[in-house]
Amino acid sequence: MPATYEPIATTTLGSAAASISFTSIATSWTDLRVVVNGTPTANLQFLLRFNNDSATNYSGTDLDGNGTSAASNRYTGDTGIYANWSAFATSAQPAFITYDVFSYAGSTFKTALTTFNQDRNGTGFVERGVGLWRSTSAINRVDIVASANSFNTGTTATLYGIKAA
Amino acid sequence: MPVTYELISSNVLSSSAASVTFSAIPSTYTDLVLRYSGRMDAGANKILKIQVAGADTNLSYTRLVGDPSVPSVTSARGTGISWAGYTDGSTMTASSFSSGEIYIGNYASTSANKAFSAYGAAEQNATDARMMAVAGLYSSNSAISSITLLDISTANWVSGSSFYLYGIKNS
């Protein structure tokens with residue numbers, strides 16, 4: 001069996017930063033997975049962008065809960081795929097975020113499944129979503145971007161590659 | 001590239017059990033993933049919880065639940081416990097086993113609380129089914145070396161339920 005789930009790159013922030021970038025991503029895998037574990041300096045949303053494209057080429061739909069109510073929302077013509085479109089991540093406790101990006105090297109539009117998990121021991125927020133990047137370009141760069149403020153020191157982001165064969 | 005998604009341990013039940021525990025988990029990985037296929041010997045839509053070091057202490061969670069029998073989607077939360085999903089029970093369609101996953105980030109840290117996600121659903125080709133997504137928190141600086149998955153009440157996992165614990169390295 002070939003190795004099929006491989007770490008491509010990982011970053012642990014030595015100081016607060018507004019974004020984390022993975023560049024020069026090879027086309028060697030079938031899918032990509034981004035895993036983020038960390039805290040914001042203050043309220044923010046986690047966005048994923050591809051190929052340094054900050055134009056309004058992204059959309060998404062989510063299902064979320066804040067511990068008292070649930071909702072489903074969508075966004076269109078946005079500047080990234082949100083892990084937590086419906087509520088801010090706070091600095092209270094670590095947030096655990098995943099993005100699964102499918103067929104990233106293909107020539108169709110790209111979809112990503114997202115999860116956001118931040119329980120705060122009495123409050124919290126959970127979200128599951130799907131995002132779309134309307135581009136036929138192969139993805140060679142991924143940026144995890146804070147909508148405001150920054151990711152704290154110690155925040156870790158890892159990019160994995162998954163091979164179908 | 002290093003191999004990064006490794007099986008640490010597995011447990012396929014040959015008889016019923018009240019809980020399944022993975023202990024002596026090495027601290028050599030970045031994240032843990034527990035995947036399971038299971039069914040319980042009582043009721044329907046049994047609610048699972050995760051324990052760390054054999055206790056609910058320092059756990060809390062926020063959940064999102066889908067219930068097609070209403071239908072409804074609801075959210076709630078709890079402290080001093082963490083739910084982890086639904087599993088099929090004995091009154092549900094025979095041979096229906098649930099599937100679920102728990103992903104624990106940064107589990108070996110000795111300086112930070114641990115965030116995790118869980119997802120588990122009970123499906124039986126009938127209206128009465130459930131799915132649950134969870135954001136969980138273990139509020140402790142202690143590394144996690146033991147996790148347990150069990151019913152929140154008294155039901156048992158049935159024979160044939162299977163559990164696989166994987167370790168993921170980020171480098």
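The values are calculated or read from the model by the stated rules, or taken from the named source; none is laboratory data. Bear in mind the structure is a predicted one, so any value in this text is a computation, not a measurement. When we count neighbours, we look across all protein chains shown, and the Cβ atoms used for this are built from the backbone with ideal geometry, even at glycine.
Restricting region B:80-93 to residues that are polar (S, T, N, Q) and crowded, with 16+ Cβ neighbours inside 10 Å, the residue that is nearest to B:Ile152 (Cα to Cα) is B:Ser82. Checking the stated criteria, B:Ser171 turns out to be part of a loop (DSSP other than H, G, I, E, B) and among the hydroxyl-bearing types (Ser, Thr, Tyr).
Just one of (1) in contact with a strand residue (DSSP E or B) (Cβ under 6 Å, 6 or more places away or on another chain); (2) crowded, with 19+ Cβ neighbours inside 10 Å; (3) under 19 Å from B:Arg39 (Cβ atoms) fails for B:Ser96. It is (2).
Would you say A:Phe96 is over 18 Å from B:Val134 (Cβ atoms), out of contact with any Cys (no Cβ under 7 Å at 6 or more places or on another chain) and among the hydrophobic types (A, V, I, L, M, F, W, C)? Can you show your working first?
On the way: over 18 Å from B:Val134 (Cβ atoms): no; out of contact with any Cys (no Cβ under 7 Å at 6 or more places or on another chain): yes; among the hydrophobic types (A, V, I, L, M, F, W, C): yes.
So A:Phe96 does not fit the description; no.
Looking across region B:1-27 at every residue that is in a loop (DSSP other than H, G, I, E, B) and within 14 Å of chain A (Cβ to nearest Cβ), the one that is nearest to B:Phe97 (Cα to Cα) is identified as B:Thr4.
Pairing each residue of region B:8-27 that is on the phi > 0 side of the Ramachandran plot with any residue that is at pLDDT 95 or above, provided the two are 6+ apart or on different chains, yields C-beta distances under 7 Å for B:Ala24/B:Ser145.
Only one of the numbered conditions (1) farther than 17 Å from B:Tyr61 by Cα; (2) more than 10 Å from every other protein chain (Cβ to nearest Cβ) is not met by A:Ser72, and that is (2).
If you go through region A:9-47, how many residues are more than 28 Å from B:Thr74 (Cβ to Cβ) and assigned to a strand (DSSP E or B)?
Keep residues of region A:9-47 that are more than 28 Å from B:Thr74 (Cβ to Cβ), which gives A:9-34, A:38, A:41-42.
Narrowing the set further to residues that are assigned to a strand (DSSP E or B) leaves A:9-12, A:17, A:19-22, A:31-34, A:38.
Residues that pass the stated criteria total 14.
Residue selection: B:Tyr103 satisfies the criterion of being aromatic (Phe, Trp, Tyr) and part of a strand (DSSP E or B).
Look through region A:1-25, keep the residues that are more than 11 Å from chain B (Cβ to nearest Cβ) and farther than 22 Å from A:Asn149 by Cβ, and return whichever of them is surrounded by the most Cβ atoms within 10 Å (Cβ to Cβ). Explain how you work it out, then say what you get.
Our first condition is that a residue be more than 11 Å from chain B (Cβ to nearest Cβ); within region A:1-25, this holds for A:13-25.
From what's left, farther than 22 Å from A:Asn149 by Cβ: A:23-25.
Details: A:Thr23: 11, A:Ser24: 8, A:Ile25: 21.
Checked region A:1-25; the qualifying residue surrounded by the most Cβ atoms within 10 Å (Cβ to Cβ) is A:Ile25.
Within region B:135-155, being hydrophobic (A, V, I, L, M, F, W, C), more than 23 Å from B:Asp41 (Cβ to Cβ) and either crowded, with 22+ Cβ neighbours inside 10 Å or within 14 Å of another protein chain (Cβ to nearest Cβ) (or both) holds for B:Ala135, B:Leu137, B:Ile144. Summed over region A:48-58, the residues that are in a loop (DSSP other than H, G, I, E, B) and either touching a residue at least 24 places away in the same chain (Cβ under 8 Å) or under 12 Å from the mean Cα position of the chain (by Cα) (or both) give a count of 6. When A:Gly60, A:Gly65, A:Gly38 are checked against the criterion of being surrounded by 21 or more Cβ atoms within 10 Å (Cβ to Cβ), at pLDDT 95 or above, within 10 Å of another protein chain (Cβ to nearest Cβ) and closer than 26 Å to B:Gly66 by Cα, a single residue qualifies: A:Gly65.
All conditions but one from (1) within 14 Å of chain B (Cβ to nearest Cβ); (2) under 20 Å from A:Thr156 (Cα atoms); (3) crowded, with 20+ Cβ neighbours inside 10 Å; (4) not hydrophobic (A, V, I, L, M, F, W, C) apply to A:Tyr82; the one that does not is (1).
Touching a Ser or Thr at 6+ places or on another chain (Cβ under 6 Å), away from every other protein chain (no Cβ under 14 Å) and not polar (S, T, N, Q), is that true of A:Ala105?
Numbers: touching a Ser or Thr at 6+ places or on another chain (Cβ under 6 Å): yes; away from every other protein chain (no Cβ under 14 Å): yes; not polar (S, T, N, Q): yes.
When the stated conditions are applied, A:Ala105 passes them.
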